[in-house]
Amino acid sequence: MSPDAPAILARLLRSNGLGWLIEEQANPGQASELIPRLLGQLEQVETKYRERIGVSIPFTPEALEAEAAQNPHKVRAFLQAMREGRSPEMLVMVWRILQGLSIRSIELKYLEGHEFSLTVVLAPTKGDQQGEKYRSSDIFDARLLRHFGCGTIAGNPLFEGFYPVQARDDRR
Amino acid sequence: MQPVFDNMDLFCRINVQSDLAFEDFVASVAQHAGGSRHMNVVQNGALDISIHKNDIFDPLKSRSGEDRWLYFRYTLEIDPIPGTAPGGYVAAIGALLKSLWSSALDAVVSCDFEDRLPRLVPLPTADPIAFLDACARIVYRYWAQARFEDPTTGKRYPSYQEIPFGGVKQLLVYPNSEAEVAPNSMLRLIRSPQSILAVIDGSEVGDRPSLLASMVTDMSRMEFPRYREAA
């Protein structure tokens, strides 16, 4: 991470309607703990992405800012996911959807007080390559599901894409 | 299949909503039609267009309702230039409509051959960038080899991942790379401030019109994360 990374990340959060998180986390007279935590989370996602996909791509604030210039909605959705989802594996899943992969299947298992598991399988829309399976047993990762676009294709059910949730006062 | 135009009235009216003053609007129509103007008349190789202020223009009524187009500010009365083949005339009107829509102008056509003209389907959205993204993803469900082009810059995008959705105002979508070179069917997606406008060509090639219509229907049914209250 560059010395500018914390400031860039803070700018990204503010420009994507998440600035209130910084203020909320800051104690009077102290720096927010949020930024260092999110920077650490980004490093974990980068490592997990390399492990899972076998390719190294930067998940630095600089890289996200550059992507935001092209696809602001994707970066906004990813930043919201960082707040909502906690496991690096599931954040890699989010990024893979943003890269264009399709959501092939979702399995959700929940037993009150005992068990939670979420499995998402992604695959390219074109061709029949083997799917990528992402698992989580952290119930807070269930919050990611609300970002999926939902519809039908020729009358059949479809989850498609990962989109930002907009606050009412964010509407443009 | 050659369209039949025998005994068909070729007169066509296009109502257009625009904030431009009359003189500027006439000049803009000349530009869209690629023609020359004389007074309130614009002519190109195929179209003879008389432009008038709409007598019943109503700024309020023109904003909503199924018949809002009746109250648009300007009206274009179009006839073929003598000697123009009906097919060429209809194609020229289609091109004019697409050009008007591409500038995000509200333009509604009324004539006996509407089914042979491109159709505009507005898809309202609060987040046009994200919705354009979703539309591109739906396209792949129908055309696995789809190719995209930004008609403003001429830049082509062979895959979804390469499209900078925040930077494109329009996307031309072709079924595959062959169609990109010799288009006979395409979908045009126009990003406007509060909607995506899908332009479906009036082409009568095979089943494409119904396929495009079904693609656009699936786009219109997409649901996105609901609004949350701001913290």
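The values are calculated or read from the model by the stated rules, or taken from the named source; none is laboratory data. These numbers come from a predicted model, not from an experiment. Cβ: placed from backbone, ideal geometry, glycine included. Neighbour counts: every protein chain shown.
General remarks:
- Selection status of residue A:100, at the interface with another protein chain (Cβ under 10 Å from one of its Cβ atoms), among the small types (Gly, Ala, Ser) and in contact (Cβ under 8 Å) with a residue 12 or more places away in the chain: yes
- Pair list, Cβ < 7 Å and 6+ apart or interchain, from the range A:40-56 residues that are assigned to a helix (DSSP H, G or I) to residues that are among the aliphatic types (A, V, I, L, M): A:41/A:82; A:45/A:91; A:45/A:92; A:48/A:92; A:49/A:57; A:49/A:92; A:52/A:92
- The number of residues in the range A:157-166 that are more than 8 Å from chain B (Cβ to nearest Cβ) and touching a residue at least 24 places away in the same chain (Cβ under 8 Å) comes to 2.
- Counted residues, the range B:69-104 - those being surrounded by 20 or more Cβ atoms within 10 Å (Cβ to Cβ) and among the aliphatic types (A, V, I, L, M): 8
- Residue identified as in contact (Cβ under 8 Å) with a residue 24 or more places away in the chain, closer than 21 Å to residue B:41 by Cβ and touching a Cys at 6+ places or on another chain (Cβ under 7 Å) among B:90, B:109: B:109
- Hits in the range A:47-89 - residues which are more than 14 Å from every other protein chain (Cβ to nearest Cβ) and of a type in the set (Phe, Trp, Tyr): A:49, A:59
- Candidate set from the range A:137-156 (those that are at the interface with chain B (Cβ under 7 Å from one of its Cβ atoms) and over 13 Å from residue A:83 (Cα atoms)); member that is surrounded by the fewest Cβ atoms within 10 Å (Cβ to Cβ): A:154
- For the range A:107-136, a residue qualifies if it is surrounded by 14 or more Cβ atoms within 10 Å (Cβ to Cβ) and part of a loop (DSSP other than H, G, I, E, B), and the qualifying residues are A:124, A:125, A:126, A:131.
- Taken together, the residues in the range B:50-68 that are modelled with pLDDT under 90 and of a type outside the set (Lys, Arg) amount to 7.
- Strands (runs of 3 or more DSSP E) (entirely within the range B:110-181) containing at least 1 residues that are more than 14 Å from every other protein chain (Cβ to nearest Cβ) and touching a Ser or Thr at 6+ places or on another chain (Cβ under 8 Å): B:119-124, B:170-174
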